[in-house]
Amino acid sequence: MGPRQRQRRFRAKTHIAPIIIGSFFGFMLLAGVAFGVGMIGVVETWLQDLPDYTDTDLYLPSEPTTILDADGNKIASFYTQNRTTVDLDQISKYVVDGTVATEDERFYEHGGIDLMGILRAVAVQLTGGSEGASTITQQLVRNTILSDEQFDVTLERKVREAYLAIKMEEIYSKDQILNMYLNVINYGHGAYGIEAASNVYFSKSAKDLTLAEAALLVGLPNAPSQYDPTVNPDYALSRRNTVLDRMLSNGYITQEEHDAAQAEPIVLNLSETSGTGVDIYNYPYFVDYVRNLLSNEFDYNQIFSGGLTVQTTIKPDVQAAAEAAVIDQLDAVGVENLQAGMTVIDNKTGAIVGMVGGRDYYADSEHTNHAITQRQTGSSFKAFTLATAIHEGMNPNIIINCNSPQTFDDGTYTVQNIGNAQYGYISLARATELSSNTGYVQIAKAVGVQNVIDMCHELGIDNDMDPNSSLTLGTEELSTLQMAEAFSTFASGGMHRDAIAITKITNRDGEVIYEHKDEPERVLETGEAEVVTDILEGVVSNGTAMTAQLSVNQPFAGKTGTTENYGDLWFCGYTPQYSVAVWTGFTAGGSNTIYIGGRTASTSDLPQPIARNFFNTILDGVEREEFPTGTTPSYRADSYWEVDGKPLTGGSATTAETPETEEEEAPTTTSPNSPTSPTSPTTSEPEPDPEPEEPPATTDPEPAA
């Protein structure tokens with residue numbers, strides 16, 4: 001899973017010391033020191049505590065983690081060193097030959113150190129010149145198992161390096177050593193290894209490099225900054241031609257090839273890299289989310305150096321439709337600084353197939369992902385109270401007093417419908433369509449607020465919640481991801497699946513180290529989920545979400561939500577294929593009312609059309625599916641239910657009047673049992689009525705408790 005940090009230590013054998021001393025005869029001449037018998041003990045000491053050169057993990061180069069979308073397209077890379085490891089047969093022979101000719105022309109002849117090279121380097125240095133004497137094997141040692149010592153210029157480090165080079169040559173073939181070297185070395189511009197360098201400078205694979213291109217890259221490791229062709233093209237050209245000269249003199253190329261390559265100008269085709277250790281090609285909000293998930297399971301080195309391949313769930317077509325729906329609607333209303341978050345979940349798998357975190361990732365220095373930030377949900381939360389009621393055995397046809405205002409908790413808590421609408425005595429189903437605040441507080445109290453909380457937990461919402469009477473009106477802060485996951489349970493016939501973003505992870509060797517297993521858990525019986533869905537379909541067909549009605553031939557259910565001051569606008573909806581949750585508002589918080597053209601905005605202006613347009617796009621031409629069906633639940637007698645010691649039901653069913661405004665509102669302070677409750681117990685929770693088929697520009701049929 002990435003280079004292990006294991007460092008097995010061992011003691012060198014005494015008989016090796018004379019070999020090292022002999023190999024460094026050139027250094028002895030330069031220093032003027034005659035190594036005698038006493039020096040053997042010093043060298044033995046230097047060779048103590050060496051890393052285990054037989055541990056192949058120590059030679060593994062830092063390799064980026066690659067993030068793929070659901071179709072296998074690369075969408076991001078995480079790295080400390082931009083690198084892609086390749087086998088020797090995937091590297092141009094020009095690179096291989098040029099590297100040997102330039103860096104170590106007797107590579108295939110020596111056993112790890114080159115005595116002739118050392119003597120030549122000494123001679124050059126004595127005449128005032130400069131020439132290195134390290135072999136390719138020594139350079140590999142210096143850049144891998146002795147990387148912590150690579151800038152140490154002492155004789156001790158050179159002895160340790162030479163010793164390890166000799167031992168490496170005993171256990172690895174020349175091709176293995178050369179392959180490791182070409183995958184490790186720094187080529188500048190943040191590119192480590194020849195494959196990354198080829199992509200950075202020429203946007204092509206190392207196997208496709210021409211002679212001139214290969215020679216340019218071969219010349220870079222000697223001094224990557226000095227020979228950088230983007231900064232010092234003249235130096236780079238001179239260095240490239242030196243490489244070509246050495247390839248010619250060593251018989252790797254012909255005179256004709258040499259001359260033709262030297263005549264070529266340097267032509268680069270640079271690829272873009274961020275230089276930050278993270279290259280994001282698509283879906284930046286989702287990529288950030290995936291990186292955070294990985295950090296919960298892997299350490300930094302594994303993520304940025306371990307060469308993982310991460311298969312994610314994001315689907316390009318779904319993501320494109322989601323992004324277009326969000327951006328187009330935000331642009332259409334033209335409200336400055338207005339943001340949105342949206343999550344799309346595949347109901348059959350729990351996969352996050354779309355995630356929109358905001359209007360523009362790169363324009364926001366904080367990169368706030370509004371798909372996963374939590375905001376008050378308004379009346380969209382009522383769907384969870386509804387599910388609890390059906391699960392506990394409440395008949396959806398039970399008649400409830402939904403007039404306004406009403407007082408609860410011994411007179412300490414007063415609730416109003418939006419516009420103080422008098423909905424009269426209506427069924428639970430109709431109270432949901434109209435999003436009656438007074439009705440839903442009674443329902444929550446009748447089934448037990450703690451049971452509502454337990455249902456939320458079963459649906460995947462793990463927030464700690466206070467069992468206040470106002471909870472059902474949407475005072476709890478949740479994310480679009482949490483809401484989409486929960487609503488997906490209804491769409492799946494009561495089977496809950498955790499929302500997933502990663503399906504498989506493989507290590508650098510291609511071994512699968514994680515693979516998601518589909519393990520759904522039943523939360524609602526199929527018949528119970530069917531009833532919930534039937535009622536939420538009514539919200540779309542004859543309630544607060546009529547703006548969201550689809551043009552495609554698919555069943556559609558959902559719930560709207562609006563918070564206090566109309567600062568957070570929600571719509572959560574689902575078809576048999578996908579569940580979505582859409583939030584719109586300002587980053588600063590829900591206290592900022594959204595105005596469009598001088599009027600207060602509603603869900604019919606923003607989240608409803610976003611969801612509608614998304615579904616109409618992604619399901620265009622898709623054959624109709626149906627929601628799962630099951631056995632009708634068994635219901636308790638209506639007389640079973642009580643609120644504050646009084647019967648829940650009473651009176652005769654009446655026809656609810658339509659309020660002047662259709663949007664509901666959730667107060668910031670709601671219950672005297674809450675630590676934030678006001679000294680005055682009265683709170684007002686305006687709630688909407690279904691908007692007309694052609695909703696007026698100034699209204700929206702949605703609640704927001």
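Quick notes on this structure:
- Here Ala320 meets the list (1) touching a residue at least 12 places away in the same chain (Cβ under 8 Å); (2) of a type in the set (A, V, I, L, M, F, W, C); (3) under 30 Å from Asn613 (Cα atoms) almost entirely, failing just condition (1).
- Here Glu169 fulfils each of the conditions (1) farther than 25 Å from Thr242 by Cβ; (2) surrounded by fewer than 16 Cβ atoms within 10 Å (Cβ to Cβ); (3) at pLDDT 90 or above apart from (2).
- When segment 84-105 is filtered for residues that are under 30 Å from Ala351 (Cβ atoms) and surrounded by 23 or more Cβ atoms within 10 Å (Cβ to Cβ), only Thr84 remains.
- The residue list Thr368, Thr349, Thr343 contains one member that is hydroxyl-bearing (Ser, Thr, Tyr) and modelled with pLDDT under 95, which is Thr368.
- Any chance Gly561 is over 25 Å from the mean Cα position of the chain (by Cα), more than 22 Å from Ala351 (Cβ to Cβ) and not basic (Lys, Arg): yes
- Leu338 passes every criterion in (1) among the hydrophobic types (A, V, I, L, M, F, W, C); (2) closer than 30 Å to Val643 by Cα; (3) surrounded by fewer than 24 Cβ atoms within 10 Å (Cβ to Cβ) apart from (2).
- Those strands (runs of 3 or more DSSP E) of segment 543-626 in which at least 3 residues are of a type in the set (A, V, I, L, M, F, W, C), modelled with pLDDT of 95 or more and within 28 Å of Arg430 (Cβ to Cβ), considering only elements entirely within it, cover 568-574, 578-586.
- Filtered residues of segment 343-384 (kept if in a loop (DSSP other than H, G, I, E, B) and of a type in the set (S, T, N, Q)): Asn347, Thr349, Ser365, Thr368, Asn369, Thr373, Gln374, Thr377
- Cβ-Cβ distances below 8 Å connect the following pairs, each with a first residue in segment 169-189 that is outside any helix (DSSP H, G or I), a second residue that is of a type in the set (Asp, Glu), and a separation of six or more residues or different chains: Gly188/Asp228; His189/Asp228.
- Residue count for segment 436-486, restricted to those that are under 16 Å from Gln376 (Cα atoms) and within 23 Å of the chain's Cα centre (by Cα): 12
- Applying the criterion of at least 2 residues that are among the aromatic types (Phe, Trp, Tyr) and within 30 Å of Arg359 (Cα to Cα) to the helices (runs of 4 or more DSSP H) found wholly in segment 207-287 leaves an empty list.
- Some residue of segment 265-287 being in contact with an Asp or Glu (Cβ under 9 Å, 6 or more places away or on another chain) and small (Gly, Ala, Ser): no
- For segment 298-313, filtered to residues that are touching a residue at least 40 places away in the same chain (Cβ under 8 Å) and part of a loop (DSSP other than H, G, I, E, B), the residue that is farthest from Asp509 (Cα to Cα) is Thr313.
- On the stretch given as segment 319-348, residues that are more than 23 Å from the chain's Cα centre (by Cα) and β-branched (Val, Ile, Thr) total 2.
- Selected residue [surrounded by fewer than 18 Cβ atoms within 10 Å (Cβ to Cβ) and either in the same structural domain as Asn347 (by TED's automatic domain parsing) or in contact with a Gly (Cβ under 9 Å, 6 or more places away or on another chain) (or both)] from Gln549, Gln554, Gln577: Gln549
- Residues satisfying the stated conditions in segment 471-489, i.e. among the polar types (S, T, N, Q) and over 22 Å from Ala446 (Cβ atoms): Ser479, Thr480, Gln482, Ser488, Thr489
- Condition met for Gly277 (closer than 16 Å to Ala76 by Cα, buried (at least 22 other Cβ atoms within 10 Å of the Cβ) and in contact (Cβ under 8 Å) with a residue 24 or more places away in the chain): no
- Restricting segment 455-473 to residues that are assigned to a helix (DSSP H, G or I) and in contact (Cβ under 8 Å) with a residue 60 or more places away in the chain, the residue that is nearest to Ala387 (Cα to Cα): Met455
- Number of residues in segment 208-250 that are of a type in the set (A, V, I, L, M, F, W, C) and exposed (fewer than 15 other Cβ atoms within 10 Å of the Cβ) equals 2.
- Whichever residue in segment 45-65 is buried (at least 19 other Cβ atoms within 10 Å of the Cβ) and either of a type in the set (D, E, K, R) or not in a loop (DSSP other than H, G, I, E, B) (or both) and, among such residues, is modelled with the highest pLDDT: Thr65
- Residue match in segment 483-495 (condition: assigned to a strand (DSSP E or B) and either over 19 Å from Gly558 (Cα atoms) or not charged (D, E, K, R) (or both)): yes
- Tally of residues being under 20 Å from His367 (Cβ atoms) and out of contact with any helix residue (DSSP H, G or I) (no Cβ under 9 Å at 6 or more places or on another chain) across segment 313-351: 4
- Yes/no for Gly378 being surrounded by 24 or more Cβ atoms within 10 Å (Cβ to Cβ) and under 29 Å from the mean Cα position of the chain (by Cα): yes
The values are calculated or read from the model by the stated rules, or taken from the named source; none is laboratory data. The structure displayed is predicted, hence computed values, not measured ones. Quick reminder, even Gly has a Cβ in these numbers, built from the backbone with ideal geometry, and neighbours come from all protein chains shown.
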